[in-house]
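The values are calculated or read from the model by the stated rules, or taken from the named source; none is laboratory data. None of these values were measured; they are calculated from a predicted model. Here Cβ is always computed from backbone atoms with ideal geometry, including for glycine, and neighbour counts include all displayed protein chains. Areas reflect the complete protein model, heavy atoms only, side chains present, ligands, DNA and RNA absent. Shrake-Rupley method; radii C 1.70, N 1.55, O 1.52, S 1.80 Å.
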Amino acid sequence: MPKGLYKTENLSDFKPARFTSKGTVELRSGKIPYHTVCEDNVFYNKEGKPIASIFSYSYFRSDVEDPRPRPVLFGFNGGPGSSSMMVHVGFLGTKRMKYFDDPDQPTTLPPYEAVDNVDSLLDVADIVVVDPVGTGYGLLLDDGSAEQFFSIEEDAEALLTFISRWLTRYNRWLSPKYLVGESYGCIRSAVAAGIAGGGGKKRSYAMAFDGLVLIGNSITTGRYFNRDIPCEPTVLAMPTVAAINWYHNHPSDQGLEEFIQEARRFADTEYMTALYRGGSLGREEYEAVRRKLSYYSGISEDYLDEHLLRWDEEGAVKQIARGKGVDFSRYDGRMTLPHFTSQMGTNYTTVKDDPSAKYSPYFHGIFSGVLCPQLGIQLERDFLPSAGFSYDYFIRETDDRLSGEQLSSAMRRVPGMRVFFANGWYDLCTQIGMVYYLANHAWLPKERTFIKGYPSGHMLYIGDENIRALNGDIRTFVTGGSVPASS
């Protein structure tokens, strides 16, 4: 790692920051008073010098006589290297973005508007939003200590250390505890839950979580995320590809979920069998499968012929978009950018050029211009929406398979622990088909595992209706109810 790349303050000048505020928020159920504490949570070396800090934004309901029975939600984004800005401004905070009539095509230019989050979960739980080390306002103060935080298990243990100290500081060890992770945050949650009950590399935590809310699942049974999974990837991708095709090409008068589930049944039966049989298929059988596959996926029969009834992600979105003059987002297949030439089109391999990145200035503007002043945060340090070290530094010292095994192990060790997978139908990055496969092949207890698809992409909370649906389902989950599955 280049020296000083993530070191945002001089070690000698660092002083932990702490800010408090009070407010009220008008929810659908009525007005809720609350207070907040936003602060550095410092890690020290053996000599007692600060080496890093996790920054947290804690929301406490103020009119509760004894808060100990109240659930606590610990929320974060992924990356690895992403701050919590998206989930904070998106659906967890008391203020959120005001969406447009067409939330799929946002402007990147101000003015940006915020509104009270009428669907906030503060009525049923206290909320702690987390910026991991080196992200957002979280700090790496000592370059030489980076390996203690920037790898899969170390990242999870840093989170557990923070949570343990937070529970002690605010006397909340008796409270139900939930992790709410998005994208890589799902891996962080699964590994943390597994380590919490069984111990880490250097210590135990003796901690149990009542539940995990996993948004845009990145947990896998393969060796790495989205790779080396012992199943045809196009079978797993079918629900998402069918959803994007439905949205842009309207191949059927059916509703979204009806079309997706029909496509999924075809993929799980006829299509998977055809891929297995290969050249043993008769001509009529092959053509029938190819015709149905083209209908559900939006991919031309000529392309399917050339690629032996398979596709890759980039090929699929280009096929569905053919003739439209646009490039589709990998993170939210509803969103587009104008396509010019093959040399000037979307760089499909990076989020930096993805159409969904149009939302980043909006999120950052609301966070820095509305949320921070409301929370009383006054910091001169730079806020890093995304540190980017997932590509140039973050260490995968173990296989990602660890996350699937850790999740299964945590559910086995904690009989009451439940898991809620929430995924966008239009999310090609973390496809909902992977969730179905994981639940079955990591042997997650069916009675404690809930899976639901939403008409959104990787960020489920894009749009007023999606926020209301997602937070309504999380509220049901946290209060002990069963989340209704997708139809």
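Observations
- Hits in the stretch 19-78 - residues which are among the charged types (D, E, K, R) and within 18 Å of Ala156 (Cα to Cα): Asp40
- Flag if Gly144 is out of contact with any strand residue (DSSP E or B) (no Cβ under 6 Å at 6 or more places or on another chain) and surrounded by fewer than 23 Cβ atoms within 10 Å (Cβ to Cβ): yes
- Of all residues in the stretch 44-80, exactly one satisfies the criterion of being open to solvent by 10 Å² or more (accessible area, probe 1.4 Å) and β-branched (Val, Ile, Thr), namely Val64.
- Residues that are outside any loop (DSSP other than H, G, I, E, B), open to solvent by less than 30 Å² (accessible area, probe 1.4 Å) and under 23 Å from Arg475 (Cα atoms), drawn from the stretch 418-451: Val419, Phe420, Phe421, Ala422, Asn423, Gly424, Ile432, Val435, Ala439, Thr449, Phe450
- Taking first residues from the stretch 202-225 that are of a type in the set (Ser, Thr, Tyr) and partners that are at pLDDT below 90 and surrounded by fewer than 20 Cβ atoms within 10 Å (Cβ to Cβ), the Cβ contacts under 6 Å between residues at least 6 apart in sequence or on separate chains come to Thr221/His441.
- Yes/no for Ala410 being of a type in the set (A, V, I, L, M), under 27 Å from Ala208 (Cα atoms) and in a helix (DSSP H, G or I): yes
- Within the stretch 279-291, none of the residues are surrounded by 15 or more Cβ atoms within 10 Å (Cβ to Cβ) and within 22 Å of Arg334 (Cα to Cα).
Residues checked against (1) free of Cβ contacts under 8 Å to residues at least 12 places away in the same chain; (2) of a type in the set (Asp, Glu); (3) under 20 Å from Pro80 (Cα atoms); (4) touching a Gly at 6+ places or on another chain (Cβ under 8 Å):
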{"site": "Ile163", "(1), (2), (3), (4)": "no, no, yes, no"}
{"site": "Trp166", "(1), (2), (3), (4)": "no, no, no, no"}
{"site": "Leu174", "(1), (2), (3), (4)": "no, no, no, no"}
{"site": "Val241", "(1), (2), (3), (4)": "no, no, no, yes"}
{"site": "Trp246", "(1), (2), (3), (4)": "no, no, no, no"}
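- Evaluated against (1) open to solvent by less than 30 Å² (accessible area, probe 1.4 Å); (2) part of a loop (DSSP other than H, G, I, E, B); (3) of a type in the set (Ser, Thr, Tyr), Thr161 falls short on exactly one condition, (2).
- In the stretch 31-71, the residues that are over 26 Å from Leu384 (Cα atoms), in a strand (DSSP E or B) and free of Cβ contacts under 8 Å to residues at least 24 places away in the same chain: Lys31
- Flag for Leu304 being in a loop (DSSP other than H, G, I, E, B), open to solvent by less than 40 Å² (accessible area, probe 1.4 Å) and touching a helix residue (DSSP H, G or I) at 6+ places or on another chain (Cβ under 9 Å): no
- Only one of the listed residues (Thr168, Thr107) is closer than 22 Å to Pro69 by Cβ, among the hydroxyl-bearing types (Ser, Thr, Tyr) and open to solvent by 10 Å² or more (accessible area, probe 1.4 Å). That residue is Thr168.
- Being touching a helix residue (DSSP H, G or I) at 6+ places or on another chain (Cβ under 7 Å), touching a residue at least 40 places away in the same chain (Cβ under 8 Å) and buried (at least 24 other Cβ atoms within 10 Å of the Cβ) holds for only one residue in Val133, Val87, Val124, and it is Val133.
- Within the stretch 307-328, the set of residues being among the aromatic types (Phe, Trp, Tyr) and in a loop (DSSP other than H, G, I, E, B) comprises Trp311 only.
- Number of residues in the stretch 185-214 that are of a type in the set (Phe, Trp, Tyr) and either open to solvent by less than 10 Å² (accessible area, probe 1.4 Å) or in a strand (DSSP E or B) (or both): the value is 1.
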